[in-house]
Amino acid sequence: MLILFPLGFAAGLPYMLVTQTLSAWLANAGVALGAVGLFTAVSLPYSLKLLWAPLVDLIAPPLGGRRRGWIVLFQLALAAALVALGATSPRAAPLSFAALALGATFCAATVDIATDAYRTDLLAPDERAAGTAVYVFGYRAAMLVTGGLALVAADHLPFGRVYQLSAALLAVGVITALLSPEPATAAPPSSLRAAVVEPLADWLARPRAIALLAFITLYRLSDLVAAAMSTPFLVAAGFSNTEIGLANKNVGIAATIAGALGGGALVARFGLWRPLVVFGVAVPLSNLLWAALAVVGKSHALLVATVAVHDALVGCAIAALEALLLGLCNRRYSATQYALLSAAAGLAGRLAAAPSGWLAARLGWPAFFIASAAAGLVALALTAPTAGRAIGSPAPTDSPRTS
């Protein structure tokens with residue numbers, strides 16, 4: 001548990017810097033709303049991790065071992081990318097800015113691959129609920145720093161300097177990875193072909209594998225689409241960076257942490273499937289609070305209530321979904337299979353977020369948030385019945401991390 005908190009903190013540091021905080025930087029720099037929406041596509045490496053995850057299963061870097069070596073190497077590369085991004089103007093050099101943001105996201109996604117494989121190999125079945133809660137706690141605490149506190153700092157410092165200061169905090173993950181033990185793992189794949197083919201074959205051997213993957217892909221559709229436009233919406237509504245940072249980011253991340261801890265406890269008490277469905281319905285419905293805020297206008301009380309309720313429910317959903325993903329991975333291919341599942345968990349939402357600025361500009365903010373809620377509910381209704389039967393089916397006997 002002591003290892004997972006700082007590793008989660010280091011893995012979570014870049015997420016806001018390449019998503020919502022980046023959107024705030026662009027909005028404050030006067031970038032057009034449609035372009036802000038397009039810039040959300042730089043987060044796609046988080047959803048394409050499967051393309052290079054087999055290399056993480058196959059290759060052991062010379063420093064740190066098969067799992068920790070990747071964490072150290074790409075945290076250092078990420079720090080360099082963030083420093084360079086901080087020295088670039090989104091208006092004067094938009095293509096260079098986009099390329100550096102994409103490079104930073106690629107490094108961050110690789111850190112995620114290695115860290116997810118590390119904790120999958122490290123945790124025994126009876127440790128998954130606690131391990132997930134602690135890791136999410138660290139991850140979201142980092143988002144509090146690079147989301148809420150970074151926006152407060154941006155009212156007093158240039159955004160570029162804030163990004164460069166954030167890069168220095170990655171030392172937490174580098175030091176932790178160097179001092180932590182390498183977990184015992186199953187034998188790695190024997191070749192690149194085996195690293196690519198065998199994890200997929202192992203997954204497809206499961207009952208209703210495609211239906212289960214569709215459920216995972218669409219589960220967080222509504223909250224990811226809403227999150228992509230929440231900061232531009234608040235800027236347009238007249239909230240300052242400090243108000244957004246203290247209310248939307250700080251309250252939201254604290255609520256997500258509380259939700260993750262509560263969601264983990266509910267999963268332990270009631271099993272996995274019922275909490276998954278309840279949270280899957282509750283999160284889209286909570287998007288209606290954003291629609292209400294758009295109708296009412298600038299209201300600090302309603303902003304805090306909206307963020308607290310919505311993000312607490314998102315935290316519950318994340319905890320339940322993470323517990324599902326950990327239990328579905330075969331230890332021999334944990335980097336590739338977890339990359340497949342975690343990438344799937346965000347793919348639909350991130351693809352739908354790319355035109356979100358265009359949709360918000362044409363539908364208006366209230367209708368946009370209502371549409372995001374409806375999309376999430378429809379997606380759950382289409383995928384949940386078959387996925388429930390898949391989760392209740394026995395996993396392949398050669399998959400030591402399933403339950």
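Rule-based calculations on the coordinates, nothing more; no lab input. Remember, it's a predicted structure, so these values are computed and weren't measured experimentally. When we count neighbours, we look across all protein chains shown, and the Cβ atoms used for this are built from the backbone with ideal geometry, even at glycine.
Just a few scattered comments:
- Karplus (6.51, -1.76, 1.60) ³J(HN,Hα), θ = phi - 60°, over the stretch 110-125, in Hz, Gly and Pro reported as x: 5, 4, 4, 4, 5, 5, 5, 5, 4, 6, 5, 6, 7, 8, 6, x
- Whole-Hz ³J(HN,Hα) from phi, Karplus 6.51 cos²θ - 1.76 cosθ + 1.60, for the stretch 233-243, glycine and proline x: 4, 5, 4, 5, 6, x, 6, 7, 4, 5, 4
- Cα-Cα separations in the stretch 109-218 greater than 22 Å, expressed as whole percent: 55 percent
- For the stretch 1-79, radius of gyration divided by Kirkwood radius, i.e. Rg to Rh on alpha-carbons: 1.08
- With the convex hull drawn over the C-alpha atoms of the chain, the volume per residue is 118 Å³.
- Largest-first ellipsoid semi-axes for the stretch 280-403, taking √(5λ) over the Cα gyration tensor eigenvalues, angstrom: 34, 15, 14
- Note on the stretch 99-159 and the stretch 303-323: Cα centroid distance 16 Å, given to the nearest whole angstrom.
- Working from the Cα coordinates of the stretch 27-138, the gyration tensor eigenvalues give, after taking √(5λ), semi-axes of 31, 17, 12 Å in decreasing order.
- Over the chain: helical MRE at 222 nm, DSSP H runs n ≥ 4 each giving -39500 (n - 2.57), nearest 500: -24000 deg cm²/dmol
- Simple Cβ-charge dipole of the stretch 4-391, Lys/Arg +1 and Asp/Glu -1, about Cα centre, in debye nearest 20: 340 debye
- Length-normalised contact order for the stretch 4-391 - Cα pairs under 8 Å, 6+ apart - percent: 30 percent
- Farthest toward positive dipole pole in the stretch 166-225 [+1 Lys/Arg, -1 Asp/Glu at C-beta], among 175, 187, 209: 209
- Exposed-loop-free span, longest in the chain, where trypsin sites (Lys or Arg not before Pro) count as exposed if DSSP calls them loop and at most 16 other C-beta atoms lie within 10 Å: 92-297
- The stretch 150-297: C-alpha gyration tensor shape, a/c 1.5 cut-off, then a/b vs b/c: oblate
- Relative intensity, log₁₀ I(q)/I(0), of the stretch 194-278 from a Debye sum that treats every alpha carbon as a point, q = 0.19, 0.24, 0.25, 0.26 Å⁻¹: -1.00, -1.15, -1.18, -1.21
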